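What follows is one structure encoded as structure tokens, with my remarks underneath.
The values are calculated or read from the model by the stated rules, or taken from the named source; none is laboratory data. Keep in mind that this is a model prediction, so the values were computed, not measured. To get the accessible areas, we keep the full protein, side chains included, count just its heavy atoms, and leave off ligands, DNA and RNA. Shrake-Rupley method; radii C 1.70, N 1.55, O 1.52, S 1.80 Å.
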Amino acid sequence: MKILVLNGPNLNMLGKREPEIYGYETLEDINDKVDVCAHELGVKCDFLQSNHEGVLVDNICEANDKYDGIVMNPAALTHYSYAILDAIKAVSIPVIEVHISNIHAREEFRRHSVTAAAAAGIVAGFGSEGYVIALRALKNMIGTIDESVELNVV
């Protein structure tokens, strides 16, 4: 099983940007946490962060032939990107939307997710643990891994 983990604008600034909201973990820290969980689940994850909407759209569309699912934090694009919404609708693999903060408890403009309409599920407000929750949910949604896979968790 292969999963693409996509992160949108400004998430490369995690650990520095508004730590009172997003915490002190960096995106690299989060990716490492997801990678550990992926190993435990027997899942392979590839990671991509971009500040450019088109790059995210391209990767969503290309993921259809390369991955079994997507865990995605569209960041600010959540609230207005119909291009990402349409890309998610265009693929046949499930996408789980993740938000570090609880977007529904924040400013009014952050409370609506345009992209959620096409997502298989949403995880919000659990900090970086939301990525792990999303990965586990996506793995369960897609199906169990091949039982013949031997995991050597250290």
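Straight-distance candidates among the lysines for linking to residue 66, with alpha-carbon spacing under 25 Å and chain neighbours fewer than 8 residues away dropped: 2, 33, 44, 89, 139.
All C-alpha to C-alpha distances of the stretch 1-151, sorted into 10 Å bins beginning at zero, yield P(r) values of 11, 45, 35, 8, 1 percent in whole numbers. With all protein chains in place and ligands, DNA and RNA left out, the 1.4 Å accessible area ranks 88, 122 as 122, 88, largest first. Taking the chain as the reference, fit the longest principal axis to its C-alpha atoms, fit the long axis of helix 27-41 to the helix C-alpha atoms, and give the angle between the two in degrees, 0 to 90, nearest 10. Tilt relative to the chain: about 30 degrees.
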